[in-house]
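Worksheet: the structure to be examined is printed underneath.
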Amino acid sequence: MSDITAYLEAIRLKLVTSRVVADYQIVKERITATDGYLRVRATLHNGDFLEAAEYFERATEGVKTVDYRY
């Protein structure tokens, strides 16, 4: 599960360090040994609101996005 856990940590780091994102909330997070799901709500510095979700799976080369929406 370390590939998937590392992938989620990388996403969190990007959210925290982004110059565009003012604030965010993880609405739902689910991980297993083979896949994961993340849903995030973010407020941007310009006042806009963004909600995004991603379903991903462990792959030979790391983690592969299977489906996403925003």
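Structure notes:
- Per-residue Karplus couplings for the range 51-67, computed as 6.51 cos²θ - 1.76 cosθ + 1.60 with θ equal to phi - 60°, are listed in order as 10, 9, 9, 9, 10, 9, 10, 6, 10, 4, 8, x, 10, 10, 6, 9, 8 Hz, Gly and Pro entered as x.
- Cα-derived Rg over Rh, computed across the chain with Rh taken as Kirkwood radius: 1.00
- Cleavage-rule hits (trypsin sites (Lys or Arg not before Pro)) in the range 1-37: DSSP loop, at most 15 neighbouring Cβ within 10 angstrom: Arg19
- Seen against the Cα atoms of the chain and their longest principal axis, helix 2-17 is set at about 10 degrees.
Bear in mind that the values in this text are calculations on the coordinates, not laboratory data. Predicted, not measured: the structure shown is a model, and the values here were computed from it. Backbone-built Cβ (ideal geometry, glycine too); neighbour counts: all protein chains shown.
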